[in-house]
1. Restricting the range 46-85 to residues that are modelled with pLDDT under 90 and hydroxyl-bearing (Ser, Thr, Tyr), which is farthest from the chain's Cα centre (by Cα)?
2. What number of residues in the range 64-123 are surrounded by 15 or more Cβ atoms within 10 Å (Cβ to Cβ) and among the basic types (Lys, Arg)?
3. Output the number of residues of the range 1-23 satisfying the condition of being of a type outside the set (D, E, K, R) and at pLDDT below 90.
Amino acid sequence: MDHCRKQVKSDCEELLSRFQRTESVRFEIFSKIWREMRFSQIFYGTVKHEKRAFSRLVLDTACSFLLPPFSFQIRVGGLYLLHSLYQCQTASPPEQIRLALKDWEDVKKFEKDAVDAQHLDVVYVLQQLMFRKAFHFTAMPTLLSFQKKRKVERTALCEEFMERASRPQELINIERLEELSNIHELYEKLKASVSSTSEPAVSSVNLLRNELVPQLRSSVVDFYNWQQKKDGKVEDEDDDEGASSQQESSRRAELLASIKSKAYGEAAEASKSRRHRQVEVDPTSDESGPSPSSGYSRTNKLSLKARTNQNIHIAGDMWKEATNTTRINRLTTLDFVPEEKPKKYIRFKW
């Protein structure tokens with residue numbers, strides 16, 4: 001069934017992209033697109049022993065659109081898609097929707113956001129799934145089995161469905177604004193009580209900022225509007241900047257090609273017939289560098305043993321003692337190899 005996963009995912013993305021163009025979260029509009037695409041026929045043609053496995057595959061694919069990091073409208077479309085697929089599946093008894101316990105918090109938060117925005121059809125569809133016990137709460141989001149591949153192929157998420165991350169909107173929400181206003185009022189009362197008993201010089205100090213919460217909220221809204229306008233301008237300027245970006249890329253490619261040609265042109269390579277030869281160095285010459293006529297020069301450096309024998313001179317009995325092999329000499333010598341015995345071949349009598 002894994003070979004059908006990409007096709008099912010592409011069909012779900014096509015349905016949700018059409019729903020996204022409507023810029024609505026109503027179930028009536030989603031059902032109209034569902035009927036136009038005849039999406040209920042996705043279960044047609046499955047064999048009896050494949051019905052349950054295919055239903056599980058389709059529900060798992062649709063359940064991914066209900067969870068973050070997708071936008072609110074795509075998550076609403078994913079909820080409607082789950083509800084419709086659960087109703088239209090051909091498996092009997094119907095296959096349940098796998099949902100991990102860690103993802104249930106995101107679903108409850110999504111329900112709360114729908115209640116606050118008065119999207120009652122979203123809440124109704126979610127409650128219908130809960131009433132019919134459509135969710136199967138599990139420990140892991142995917143089904144674990146013995147000898148399963150550790151590295152599962154993860155498909156790329158559709159960037160059009162992703163909600164743009166906005167840190168100010170995440171930090172400044174309704175609950176925190178209410179809490180901040182309550183703290184601001186309490187601090188104002190406390191400051192008024194202290195200033196009434198203190199000296200007039202102290203009371204003249206302005207420790208409060210009037211209308212702090214409304215100003216904070218308006219600044220976040222202005223930032224969000226500016227962000228939306230900026231995204232629109234970028235889309236409009238893509239066509240104008242296309243030609244200039246191509247010219248810049250072509251200029252850069254030409255510059256890199258010229259730099260490479262210069263670098264490779266300066267490096268003179270010797271012919272194949274002379275690569276194995278070594279340049280003879282004249283020890284009597286005082287020049288430190290190689291001769292200009294030679295294309296390739298290489299100096300052979302003496303080994304440590306040769307330099308030691310050249311610099312250190314031992315004479316007399318000291319040389320005889322040094323040449324004698326001892327136990328320590330055998331341990332430190334690397335080229336000590338025991339003599340190999342000749343192999344004996346067995347002659348067979350025919």
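1. Among them, the one singled out is 46.
2. Number of matching residues: 2.
3. Counting residues in the range 1-23 that are of a type outside the set (D, E, K, R) and at pLDDT below 90 gives 3.
The values are calculated or read from the model by the stated rules, or taken from the named source; none is laboratory data. Everything numeric in this text was worked out from a predicted model, so none of it was measured. When we count neighbours, we look across all protein chains shown, and the Cβ atoms used for this are built from the backbone with ideal geometry, even at glycine.
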